[in-house]
Amino acid sequence: MSFWLWELGGLSYFCDMANNEDQFKKVVSHAREYGYIFASSEIYDGLSAVYDYAQNGVELKKNIREYWWRSMVYMHQNIVGIDSSILMHPTTWKASGHVDAFNDPLIDNKDSKKRYRADVLIEDYAEKIYQKAQKEIAKAKKRFGDSFDEQEFITTNPRVVRYLEEQRSILERMGRSLEKEDLADVKALIEELEIADPDTGSKNWTDVRQFNLMFGTKLGASAESAMDLYLRPETAQGIFVNFLNIQKSGRMKVPFGIAQTGKAFRNEIVARQFIFRMREFEQMEMQFFVRPGEELKWYEYWKETRLKWHLSLGMGEENYRFHDHEKMAHYANAATDIEFDYPFGFKELEGIHSRTDFDLKAHEKFSGKKLQFFDHELNESYVPYVVETSIGLDRMFLAVMSNSLQDETLEDGSVRTVLKLPAILAPVKAAVLPLVKKDSLPEIAHKIIDDLKWDYNVVYDEKDAVGRRYRRQDAAGTPFCITVDHQTIEDNTVTIRYRDTMEQERISIEEISEKMKETISYKNWLSK
Ligand code: GAP
């Protein structure tokens, strides 16, 4: 694993990289070059782990949100959406446990004055050992070819066995110590493993302390009367506190769900890996309220349904895996992550949690209000159990960008950079290009835009030779280019060029919209 630093518009981006450094670097600079993402307040050298979405980024983000929203709310008759506020009554966070337990263990290096998450330092160390085992396995695979039995090798090769055992025992000890809040042992582990500051190599560490991740703010004009508030660290609590309002006003019957997308804020100690871990980010969450005792059935349903949603985008089945939690939060009775294979390895993209009745019961206790459902079939009232699906919109954005960005070597040996975004998510669906800036071709192109713009985000581009324009649109991720040439004047036809195959077809102007619809229809994508 190496650490590297690069500059993007004045702001230094600090990343730890295990796998595909080059690809990740490319994604970050491509995101900037093509108007997807900039550092926040860049002219003041940026704000660490806070980013702005630019003209293309905001469209891609909106399209991902829409794809999620349709699949959750429109595709399920028993799920409705809400938009609750970011600022909530502070007791919310006492009830949810965030005031007392939403902590990360942090450690400072006395020499470099740098702050780290103690658990991340240890995990990174363990990952290095795991990578050593992986290297041995890869070497053996190469040596033995087809006759290689990977499972046997993993369980019998002394070096691999030793590496994997070492990795497991480090992570187990860390997990035990964190669970018992034995922070002295977490520090002891860092010292025993001789973990050094990744930046400077110093091993001069402070004690490990707990650090609450919520951002505080104040409500009220005067310092004396101001009320301490928090910026919400998850959107889920806005759903729980509205549970009864929605159930009653929507006459919802268990099982039913409430979905919400919106900003969340966490004062992450170590915010790295670009938009993977941010201090201000967006979540897309759905709480599904079920009969007590039926939660594990629904948990399995949502595991399967959410994976299907990911696969519908066609970004490769091999790039997803479940990581079931062995140790659960005290309120959960099942939990899994859907991990995605980012350029820096498999990491959590989405969480699916069976949260029991913990949250609603806690809000009943702290508010003194009943949060129950009367089930006519059972003729009884109960606090429903909850299965939650929670995905980071920015993490999904990064998954889509890093999976789509490709350098393709063409037949003539030249390389084209293409952003093969799933067409349904692409910020701009088509670029309309007059072959030349004269002979009434621009006017025809504008007329085509005037017709398409009601249904699609389309752009006009007349600068440079048409080949260069194609490449520019390929790199921006635009699935279609529509070229107006002199033949258009004669027979009302244009060429439509497909980004992924670069094939071109001659079609009539009237057919354009229908052609695009074949590729860009929610029905086709979401029913996959
Ligand atoms: N309501 C449950 C909840 O918030 P979580 O695992 O803490 O659970 C859910 O967060 C999802 O939110 C994660 O799977 C991830 O995609 C996203 N997320 C969490 N912290 C994030 C951060 N600092 N930056 C970007 N996305 C984040």
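The values are calculated or read from the model by the stated rules, or taken from the named source; none is laboratory data. Values in this document were obtained by computation on a predicted structure and should not be read as measured data. In this analysis, Cβ positions are derived from the backbone assuming ideal geometry, glycine residues included, and neighbour counts consider all displayed protein chains. Surface accessibility is based on the protein's heavy atoms, side chains included, excluding ligands, DNA and RNA. Shrake-Rupley method; radii C 1.70, N 1.55, O 1.52, S 1.80 Å.
Count, please, the residues in the range 222-262 that happen to be at pLDDT 95 or above, among the charged types (D, E, K, R) and open to solvent by 40 Å² or more (accessible area, probe 1.4 Å).
3
Take Ser177 and tell me if it is surrounded by 13 or more Cβ atoms within 10 Å (Cβ to Cβ), of a type outside the set (A, V, I, L, M, F, W, C) and touching a strand residue (DSSP E or B) at 6+ places or on another chain (Cβ under 6 Å).
Values: surrounded by 13 or more Cβ atoms within 10 Å (Cβ to Cβ): yes; of a type outside the set (A, V, I, L, M, F, W, C): yes; touching a strand residue (DSSP E or B) at 6+ places or on another chain (Cβ under 6 Å): no.
Taking the combined requirement at face value, the residue does not satisfy it.
Counting only residues that are in contact (Cβ under 8 Å) with a residue 40 or more places away in the chain, over 18 Å from Glu280 (Cα atoms) and hydroxyl-bearing (Ser, Thr, Tyr), how many does the range 35-77 have?
Residues flagged as in contact (Cβ under 8 Å) with a residue 40 or more places away in the chain, over 18 Å from Glu280 (Cα atoms) and hydroxyl-bearing (Ser, Thr, Tyr) within the range 35-77 amount to 2.
Does the range 383-428 hold any residues that are of a type in the set (Ser, Thr, Tyr) and within 14 Å of the ligand (Cβ to nearest atom), and which are they?
Narrowing the range 383-428 to residues of a type in the set (Ser, Thr, Tyr): 385, 389-390, 402, 404, 409, 414, 417.
Those that are of a type in the set (Ser, Thr, Tyr) and within 14 Å of the ligand (Cβ to nearest atom): Thr389, Ser390.
If you check Ser112 against the conditions, is it of a type in the set (S, T, N, Q), in contact with an Asp or Glu (Cβ under 9 Å, 6 or more places away or on another chain) and part of a loop (DSSP other than H, G, I, E, B)?
Details: of a type in the set (S, T, N, Q): yes; in contact with an Asp or Glu (Cβ under 9 Å, 6 or more places away or on another chain): yes; part of a loop (DSSP other than H, G, I, E, B): yes.
Considered against the rule, which asks whether it is of a type in the set (S, T, N, Q), in contact with an Asp or Glu (Cβ under 9 Å, 6 or more places away or on another chain) and part of a loop (DSSP other than H, G, I, E, B), Ser112 comes out as yes.
From Trp302, Trp309, Trp298, grab the single residue that is more than 30 Å from Asp111 (Cα to Cα), away from the ligand (no atom under 16 Å from the Cβ) and aromatic (Phe, Trp, Tyr).
Details: Trp302 fails: away from the ligand (no atom under 16 Å from the Cβ); Trp309 fails: away from the ligand (no atom under 16 Å from the Cβ).
Checking each option against the conditions leaves just Trp298.
Can you confirm whether Lys308 is open to solvent by 90 Å² or more (accessible area, probe 1.4 Å), out of contact with any Cys (no Cβ under 8 Å at 6 or more places or on another chain) and over 17 Å from His353 (Cβ atoms)? Break it down stepwise before answering.
Numbers: open to solvent by 90 Å² or more (accessible area, probe 1.4 Å): yes; out of contact with any Cys (no Cβ under 8 Å at 6 or more places or on another chain): yes; over 17 Å from His353 (Cβ atoms): yes.
Against the criterion (open to solvent by 90 Å² or more (accessible area, probe 1.4 Å), out of contact with any Cys (no Cβ under 8 Å at 6 or more places or on another chain) and over 17 Å from His353 (Cβ atoms)), Lys308 qualifies.
Hey, can you tell me all the residues within the range 291-307 that are touching a Ser or Thr at 6+ places or on another chain (Cβ under 9 Å) and either among the aromatic types (Phe, Trp, Tyr) or more than 24 Å from His98 (Cα to Cα) (or both)? Give the steps one after another, and end with the answer.
Residues of the range 291-307 that are touching a Ser or Thr at 6+ places or on another chain (Cβ under 9 Å), as a first pass: 292, 295-296, 298-299, 302-303, 305-306.
Listed by number, the residues that qualify are Pro292, Leu296, Trp298, Tyr299, Trp302, Lys303, Thr305, Arg306.
Exactly one of (1) among the β-branched types (Val, Ile, Thr); (2) open to solvent by 40 Å² or more (accessible area, probe 1.4 Å); (3) touching an Asp or Glu at 6+ places or on another chain (Cβ under 7 Å) is unmet by Ile43. Its number?
Here Ile43 meets the rest and fails (3).
Lys141 versus (1) in contact with a Phe, Trp or Tyr (Cβ under 8 Å, 6 or more places away or on another chain); (2) at pLDDT below 95; (3) crowded, with 16+ Cβ neighbours inside 10 Å: which is the lone unmet condition?
Condition not satisfied by Lys141: (3).
Applying the selection to the range 352-369, what residues are in contact (Cβ under 8 Å) with a residue 24 or more places away in the chain and away from the ligand (no atom under 16 Å from the Cβ)?
If we filter the range 352-369 for residues that are in contact (Cβ under 8 Å) with a residue 24 or more places away in the chain, which is where we start, we get 352-360, 362-363, 365-367, 369.
Across the range 352-369, the qualifying residues are Lys365, Phe366, Ser367, Lys369.
One residue is enough: does the range 291-306 have a residue meeting the conditions more than 30 Å from Gln372 (Cβ to Cβ) and without any contact (Cβ under 8 Å) to a residue 40 or more places away in the chain? Spell out how you get there, then give the answer.
Keep residues of the range 291-306 that are more than 30 Å from Gln372 (Cβ to Cβ), which gives none.
No, every residue in the range 291-306 fails to be more than 30 Å from Gln372 (Cβ to Cβ) and without any contact (Cβ under 8 Å) to a residue 40 or more places away in the chain.
Taking the stated definitions as given, is Phe274 within 11 Å of the ligand (Cβ to nearest atom), touching a Pro at 6+ places or on another chain (Cβ under 8 Å) and either polar (S, T, N, Q) or over 20 Å from Trp68 (Cα atoms) (or both)? Reasoning before the result, please.
Numbers: within 11 Å of the ligand (Cβ to nearest atom): yes; touching a Pro at 6+ places or on another chain (Cβ under 8 Å): no; either polar (S, T, N, Q) or over 20 Å from Trp68 (Cα atoms) (or both): yes.
Judged against the criteria, Phe274 is not a match.
Please go through the range 69-86 and pick out each residue that is open to solvent by 50 Å² or more (accessible area, probe 1.4 Å) and either closer than 20 Å to Leu393 by Cα or of a type in the set (Gly, Ala, Ser) (or both).
Trp69, Arg70, Tyr74, Met75, Asp83, Ser85, Ile86
Looking only at residues in the range 410-429 that are open to solvent by 20 Å² or more (accessible area, probe 1.4 Å) and assigned to a strand (DSSP E or B), which one is nearest to Gly314 (Cα to Cα)?
If we take residues in the range 410-429 being open to solvent by 20 Å² or more (accessible area, probe 1.4 Å) and assigned to a strand (DSSP E or B), then Thr417 is nearest to Gly314 (Cα to Cα).
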